[in-house]
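*Asks:* First the structure, then my questions, so here it is.
The values are calculated or read from the model by the stated rules, or taken from the named source; none is laboratory data. A quick note: this is a predicted structure, and the numbers were derived from the prediction, not measured. Here the Cβ is made from the backbone with ideal geometry for all residues, glycine too, and neighbour counts use every protein chain on show. In case anyone asks, the SASA skips ligands and DNA or RNA and just uses the protein heavy atoms, side chains included. Shrake-Rupley method; radii C 1.70, N 1.55, O 1.52, S 1.80 Å.
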Amino acid sequence: SGFGVGGIITFTGILPASFNGVLESIALKFKGSVQNTEFDVVLFSASPANGTYADHATPTYSAADSASIIGVYPMTSNISPLGTHTVYTLDGIGKQIVGASTSLFAVVISKAATAANLASTSDMQLRIGMIW
């Protein structure tokens, strides 16, 4: 419960040179397991350097990182229509983002124990859709 999945995830070059964009969607996928828990995706405009957000570990939040938090997005609706996998999607967000660079950063936190031990960060994929 409350474990990080994948550590700090970097989306290099996801914003244009002006650092402005609109967050439109988030997709969280687990390719080899059916997950029944909820997750939070925390987006940052700069890499969170003061807290600890390691894979398979309880995150240690630091108030010094709060200025770069863009938002916390709950991934609550899990579907597994094709078998042994899980997909969470959040569409139509429409959040204006002014980044600190052309990169964004994310941390995925489970709200409960995952249904399967995710032995590799390649078991999970996080995608964000931007408009600019």
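*Asks:* With every protein chain kept in place and ligands, DNA and RNA left out, what is the accessible area per residue of segment 33-106? Probe 1.4 Å, answer in Å². Walk me through the intermediate numbers first.
*Replies:* Working: 3610 Å² over 74 residues.
Counting only protein heavy atoms, the per-residue value for segment 33-106 is 49 Å².
*Asks:* If you place +1 on the Cβ of every Lys and Arg, -1 on the Cβ of every Asp and Glu, and leave all else neutral, what size is the dipole of the chain about its Cα centre, to the nearest 20 Debye?
*Replies:* Numbers: 5 positive and 7 negative charges, 24 e Å.
With Lys and Arg at +1 and Asp and Glu at -1, about 120 debye.
*Asks:* Report Rg (one decimal) and Dmax (nearest whole number) for segment 5-53, counting Cα atoms only, units Å.
*Replies:* Both quantities, over Cα of segment 5-53: 13.6, 39 Å.
*Asks:* Among Ile93, Tyr53, Ser66, whose Cα projects farthest towards the positive end of the dipole of the chain, with charges put on the beta-carbon of Lys, Arg (+1) and Asp, Glu (-1)?
*Replies:* So the residue furthest toward the plus end is Ile93.
*Asks:* Let me ask another. With a 1.4 Å probe and every protein chain kept in, tell me what percent of the accessible surface of the chain is carbon plus sulfur. Could you put the intermediate results ahead of the total?
*Replies:* Numbers: 3510 of 6420 Å².
Within the chain, the accessible surface is 55 percent carbon and sulfur.
*Asks:* Here is a follow-up. In cubic angstrom, how much convex hull volume per residue do the alpha carbon atoms of segment 3-132 span?
*Replies:* 97 Å³
*Asks:* So what is the relative contact order for segment 23-68, in percent, with contacts set as C-alpha pairs under 8 Å and at least six apart? Before the final figure, lay out the partial values.
*Replies:* Working: 22 pairs, mean separation 13.3, N = 46.
Worked out over segment 23-68, it gives 29 percent.
*Asks:* Sticking with this structure for a sec: Pairs of Cα atoms under 8 Å, at least six residues apart: use those to get the relative contact order of the chain, whole percent.
*Replies:* On the way: 332 pairs, mean separation 65.4, N = 132.
Dividing the mean separation by the residue count of the chain yields 50 percent.
*Asks:* To the nearest 10 square angstrom, what accessible area does Ile79 show with a 1.4 Å probe?
*Replies:* Here the residue's solvent-accessible area equals roughly 90 Å².
*Asks:* What are the ³J(HN,Hα) values, in whole Hz, obtained from phi via the Karplus relation 6.51 cos²θ - 1.76 cosθ + 1.60 with θ = phi - 60°, for each residue of segment 69-86 in sequence order, with x given for Gly and Pro?
*Replies:* Per residue, the Karplus-derived 3J(HN,Hα) values read 6, 7, x, 10, 10, x, 9, 10, 9, 8, 10, 9, x, 10, x, 7, 6, 9 Hz.
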